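Report on the structure given below.
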Amino acid sequence: MTDATIIQRSPEWFAARLGSLGASQLADALAKTKSGWAASRANLQTKLVLERLTGRQEENFSSTAMQWGVDKEDDARTAYSFFTGREVTEVGLYKHPTIVGSHASPDGLVAHDGCLEIKCPNSLAHIEVLKTNQIAHRYLLQMQWQMICADRQWCDFVSFDPRMPDHLTLYVQRIERDPVMEVYLEAEVSQFLKEVEAQVNALNAISPSK
């Protein structure tokens, strides 16, 4: 399910994401330590609970680096199209086809079965990707969830840094949809959201003090 008329980062887009687990949040939802779940899981659940109870988005910190990424995303999309010859279609938001309360917002659709994930990191991080050819695990989770929600078979990961020399500005790596990972992620997301719903129900059941 998608609403292609929603423009990403518009008020309508933010409203559609309220209380919903997004692809970029999967790493926090599934993060573990040696002793169990990481604190990021509980923190994220509390955030979604608050959004569901209040109908308001919790304020998110935005650093200079994060704003740089937002500002350069269109340039990255143009560079990808130029160097690959592939047209990119911008889209709004896809909801998971069967799991209520989760979504993904790809940075674009490519051809009939691909999608796009763009990162515009600091130069040190961009160089590290160029040198190692390795994509951070949190981004791999994000892309898998995007492919699941949008029903796509591959996702091109893009790292873009216009401060670099021309031949080092753009990095592209294709990630294929992984059916084994899909089963795992859907099970984990379902459990995560059950816990969120249980917290919402418990809070709604509290009676005012007399």
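The values are calculated or read from the model by the stated rules, or taken from the named source; none is laboratory data. Owing to the predicted nature of the structure, the values given are computational and were not obtained by experimental measurement. All Cβ positions, glycine included, derive from the backbone under ideal geometry; neighbour counts span all protein chains shown. Note: areas computed on protein heavy atoms with side chains; ligands, DNA, RNA excluded. Shrake-Rupley method; radii C 1.70, N 1.55, O 1.52, S 1.80 Å.
Below are the figures for this structure:
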{"item": "Shape box of the stretch 91-210 [Cα atoms, principal axes, largest first, Å]", "result": "68, 34, 25"}
{"item": "Given charges at Cβ of Lys, Arg, Asp, Glu: the chain dipole, positive-most of THR78, LEU203, VAL180", "result": "LEU203"}
{"item": "Trypsin sites (Lys or Arg not before Pro) within the stretch 19-57: DSSP coil, no more than 14 neighbouring Cβ in 10 Å", "result": "LYS34, ARG56"}
{"item": "Cβ-based net charge around THR98, under 15 Å, with every Lys or Arg adding one and every Asp or Glu removing one", "result": "-2"}
{"item": "Mean separation of Cα contacts under 8 Å, 6 or more apart, over the residue count of the stretch 16-131: relative contact order %", "result": "25 percent"}
{"item": "Spin-label pair ARG174/ARG56, simplified geometry with 7 Å Cα→Cβ offset, distance in nm", "result": "4.7 nm"}
{"item": "Angle between the chain longest axis and helix 137-150 axis [Cα atoms, degrees, rounded to 10]", "result": "80 degrees"}
{"item": "For the stretch 1-146, size of Cβ-based charge dipole, Lys and Arg +1, Asp and Glu -1, in debye", "result": "640 debye"}
{"item": "HN-Hα J in Hz across the stretch 39-54 - Karplus 6.51, -1.76, 1.60, θ = phi - 60°, x for Gly and Pro", "result": "4, 4, 5, 5, 5, 5, 4, 4, 4, 5, 4, 4, 5, 5, 6, 9"}
{"item": "Estimated inter-spin distance, MET164 and LYS131, nm [label 7 Å along Cα→Cβ]", "result": "1.2 nm"}
{"item": "nm² value of the averaged projected area, convex hull over the Cα atoms of the stretch 145-210", "result": "8.3 nm²"}
{"item": "Relative contact order [Cα under 8 Å, 6+ residues apart], the stretch 7-83, whole percent", "result": "26 percent"}
{"item": "Percent accessible area from carbon and sulfur atoms, the chain, protein chains only, probe 1.4 Å", "result": "55 percent"}
{"item": "Gyration tensor (alpha-carbon) shape descriptor, the stretch 53-97, a/c threshold 1.5", "result": "oblate"}
{"item": "Computed over the chain: relative contact order in percent, which uses C-alpha pairs under 8 Å that are six or more apart", "result": "23 percent"}
{"item": "Degrees between helix 123-132 axis and first principal axis of the chain (Cα, 0 to 90, nearest 10)", "result": "70 degrees"}
{"item": "Exposure of PHE14 as accessible area (Å², to 10), given a probe of 1.4 Å and all protein chains", "result": "70 Å²"}
{"item": "Rg in Å to one decimal, and Dmax rounded to a whole Å, for the stretch 48-135 via C-alpha atoms", "result": "16.2, 46"}
{"item": "Equivalent ellipsoid semi-axes - Cα gyration tensor, the chain, angstrom", "result": "32, 18, 18"}
{"item": "MRE, 222 nm, helices only [DSSP H, n ≥ 4, -39500 (n - 2.57), over the chain, to nearest 500]", "result": "-15000 deg cm²/dmol"}
{"item": "Rounded to 10°, Cα long-axis angle of helix 64-84 versus longest principal axis of the chain", "result": "50 degrees"}
{"item": "Per residue accessible area in Å² of the chain, where ligands, DNA and RNA are left out and the probe is 1.4 Å", "result": "56 Å²"}
